[in-house]
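J.: Just passing along the structure, written as structure tokens.
Nothing in this text is a laboratory measurement; each read-out follows from the coordinates by a stated rule. This is a predicted model, so every value here is computed, not measured. Don't worry about glycine lacking a Cβ; one is built from the backbone with ideal geometry, like all the others, and counts go over all protein chains shown.
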Amino acid sequence: MLLEIKELTVEFTSMQDKIKALKNVSISINQGEIVGIVGESGSGKSVTALTILGLLEKNASIPAGSITYKGRNILTLDKKELQALRGKEIGMVFQEPMTALHPTMRIGDQLAEVIHRHRRISYREAYQQAVISLAEVQINDPELVARKYPFELSGGMRQRVVIALAMSAPPDLLIADEPTTALDVTIQHEILKLMQDLAAKRGTSIMLITHDLGVVAEVCQRVVVMYAGEVVETGTTEEVLHRPNHPYTKALIGALPDLAVPGQALSAIPGESPDLRNRPRGCVFASRCADSLPICVEESPVLEQAYNGVHTHQVACWRREAE
Amino acid sequence: MSGMTANTESISKVATTKPVNPFWYKIRRNPLTLFGLFLLLLILLASIFAPLISSYDPTKINITQRFAPPSGDHWFGTDEVGRDIFTRILYGARLSLGVGVAVVFGAGLIGTVIGAISGYFGGKLDQIIMRLMDIVLAFPSLVLAMAVAATLGPNLQNAMLAIAIIKIPVYVRLARAETLALREKLFVKAAVTFGIKPWRIIARHIIPNALSPVVIQVTLDIGDAILLVATLGFLGLGAQPPTPEWGAMISIGWKYLLDYWWYPTFPGLALFLASCGFNLIGDGIRDILDPKANR
């Protein structure tokens, strides 16, 4: 086990309100595995990523849970240890390649800066390494690109540079927060393939945050479905996408344009996410659920094994199919 | 036929016209700014070529020539110990310009670094730094500069230090404001996730991107600093005689105004033109860079 998040709860305090952004979240990632984290905006995907990197704002608190990375609890590390962890052990790729690069620094220098930070080599060697890492993300003529500024590159090129940056140390875990959302479809596929290949080559694990189930189906071995700061369903991609158990997962899959019948309107999930200031007593999805039971609004379901015999597939639902 | 050739000529003219630099174009359209630029150029040339323009020594005493009126030998006359006033004004330009540039660059550099640190780390450190700056800003700048210069002892270095101190808070505030905005930019946050240390982020990611308003402020402040140096010199708190400093020259010369009018008049005129030039340029640059002020 490379990373194990156990029953993590994160709260934000704003004015008088306490917002529970994550509640009892447990996610584990094995060495070399690509795990998709799926959910709509506000479901806690990015908060999870920021918590792993120790980058939560000052108004956040972590009342419960642990994040174990390579046997060390990240939540107990001090500032210096966290700085050494970031980039070196855990890299991050952001959604917008347009703004994630330093606008007035050459590409090669940006890469060399990160490489120089994490390896005991001179800046000159780091720069040479930077050119190599540009070649590794399949940039043609890496020496020329290293001398360019971000504004001289296209969106897809920039995202390749961002990936090169995040993987330059090289880290054992890569957190990719919607890495393809800002790119057009043809480039999306290339970028995903690139990340997949790099991860396979180096044994890097990837935590792929996305709201696109198509992306999950393409590259992830396992998937975690989050809703309103809770994990509602998790399992192998195969299991979760083909035999979804939680109504939310089913609704998400139903909303996929690829699966829609031509001529019919896409199905959308009615209602909106619950107010995280006052979490419902029962299931967080109950208010939007088409098949809710009386118990759903009374008591919150826990994550339990779905479908007898498949240990990897878990769901938090009172209507859990356990046959 | 002739009409046709004229036509093709004008077309080819249009086609070969180079794109005009918008900055230069706007300066050209503003005669006052252009005049300011001319004055600045004059002062710059005077300070660079002072030894070539005049063969006199700015500090050499020649008692036989004291209080000589303006003439072919001494364009602006001589002072109470026979030094050529024109020469002293040339060397004074060198001093004023050097001091003005040095003080403002120094204050800009220190202020920017403090402001970036204050803005980046925030919290208590930020509070302490900003309240200190507020204290400095609370005093009228000239009074504070006089107090500092008088306390440290009247000489040119201390006058420079005093002016730097009153100028620093402006840069701290500018750089801090920029830093607060930059800190939230994704590329800075990304640098944090790559494990880059805070000091390096400030030095390489924040400051280079926070410089543009600082540079504008520097150009606006140089003229002001020159005037302040002269003011302190005039009050006896800056450069001391026999240094050829405009303020100090006026300070001694004004007693002779009625009998030897040229003595304080020409240094005063030089100071007037210099600060006039810098202010006109400053206004011009502000007009050009502020899109809202476009006429």
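J.: Note down the magnitude of the dipole of the range A:61-102 about its Cα centre, charges +1 on Lys and Arg C-beta and -1 on Asp and Glu C-beta and zero elsewhere, to the nearest 20 debye.
T.: Using Cβ point charges on Lys, Arg, Asp and Glu, the range A:61-102 gives about 160 debye.
J.: While we're looking at this one, here's another question. Show which aspartates and glutamates lie in cross-link reach of A:LYS148 when reach means a straight Cα distance below 16 angstrom and same-chain residues fewer than eight apart are skipped.
T.: A:ASP109, A:GLU113
J.: Same structure again: Remind me, relative contact order of chain A in percent, using alpha carbon pairs under 8 angstrom and six or more residues apart?
T.: Worked out over chain A, it gives 20 percent.
J.: Just tell me which lysines come within less than 29 Å, Cα to Cα, of A:LYS70; anything on the same chain fewer than 8 places away is out.
T.: Straight-line reach from A:LYS70, under 29 Å: A:LYS6, A:LYS20, A:LYS23, A:LYS45, A:LYS58, A:LYS79, A:LYS80, A:LYS88, A:LYS193, A:LYS201, B:LYS189, B:LYS197.
J.: Relative contact order for the range A:8-82 using alpha-carbon pairs under 8 Å, separation at least 6, rounded to a whole percent?
T.: In percent, rounded to a whole number, it is 34.
J.: Which of A:ALA130, A:ALA176, A:ALA60 moves most in a GNM of chain A, Cα contacts under 10 Å?
T.: Top of the fluctuation ranking is A:ALA60.
J.: Using a basic spin-label model with each label point 7 Å from the Cα along Cα→Cβ, how many nm lie between A:SER28 and A:GLN305?
T.: Computed distance between label sites A:SER28 and A:GLN305 equals 1.4 nm.
J.: Can you give the average number of partner chain beta-carbon atoms within 10 Å of each beta-carbon in peptide A:91-97, as a whole number?
T.: 3
J.: Are there any helices in chain B, counted as whole DSSP H runs, that stretch 20 Å or more along their axis by Cα and score at least -0.5 on average by Kyte-Doolittle, and if so which? Don't skip to the end; give the middle numbers.
T.: Details: long enough: B:2-16 (21 Å, -0.11); B:31-48 (25 Å, 2.62); B:85-121 (53 Å, 1.53); B:123-138 (22 Å, 0.96); B:156-183 (39 Å, 0.95); B:207-234 (39 Å, 1.49); B:262-289 (40 Å, 0.84).
Going by DSSP H runs, the hits are B:2-16, B:31-48, B:85-121, B:123-138, B:156-183, B:207-234, B:262-289.
J.: Shielding by partners for A:112-118, please: the mean number of other protein chain Cβ atoms within 10 Å of each residue's Cβ.
T.: 3
J.: Moving to a separate point now. Would you mind checking which residues have amide H under 5 Å from A:LYS148's amide H? H placed 1.01 Å from N; only 5 or more apart, or other chain.
T.: Result for A:LYS148 returns A:ILE107, A:GLY108.
J.: Calculate how many DSSP beta bridges within the range A:3-228 are antiparallel, expressed in % of all such bridges and rounded to the nearest 5.
T.: DSSP beta bridges in the range A:3-228 are roughly 50 percent antiparallel.
J.: Follow-up. For an R0 of 30 angstrom, estimate the FRET efficiency from the Cβ-Cβ distance between A:SER66 and A:LYS193 and round to the nearest 0.05. Provide the component values of the computation, followed by the final result.
T.: On the way: r = 34 Å, r/R0 = 1.14.
The calculated FRET efficiency here is 0.30.
J.: Output the antiparallel fraction of DSSP beta bridges having both residues in the protein assembly as shown, as a percent to the nearest 5.
T.: On the way: 29 of 48 bridges.
Expressed as a percentage, antiparallel bridges in the protein assembly as shown total about 60.
J.: Considering amide H positions built from the backbone, and no H for Pro or chain starts, which residues 5 or more places from A:VAL93, or on another chain, come under 5 Å of its amide H?
T.: Here A:ILE175, A:ALA176, A:ASP177 satisfy the definition.
J.: So, one more: On average, how many beta carbons from a partner chain sit within 10 Å of the beta carbon of a residue in B:193-205?
T.: Counting Cβ atoms of other protein chains within 10 Å of each residue's Cβ and averaging gives 6.
J.: Please compute the modelled spin-label separation between B:VAL143 and A:ALA255, points set 7 Å along Cα→Cβ, answer in nm with one decimal.
T.: About 6.4 nm separates the two model spin labels.
J.: Another one. How about the range A:33-66: which GluC sites (Glu not before Pro) there are in a DSSP loop, with at most 16 other Cβ atoms within 10 Å of their Cβ? Can you show the working numbers first?
T.: On the way: sites: A:GLU33, A:GLU40, A:GLU57; in loops: A:GLU33, A:GLU40, A:GLU57.
In loop regions of the range A:33-66 (DSSP not H, G, I, E or B), the sparsely surrounded GluC sites (Glu not before Pro) are A:GLU40, A:GLU57.
J.: Any idea what the dipole of chain A comes to, in debye rounded to 20, about its Cα centre with Lys/Arg Cβ at +1 and Asp/Glu Cβ at -1?
T.: About 980 debye.
J.: Counting pairs of alpha carbon atoms under 8 Å apart in space and at least six apart in sequence, what relative contact order in percent does the range A:190-323 give?
T.: Relative contact order comes out at 20 percent.
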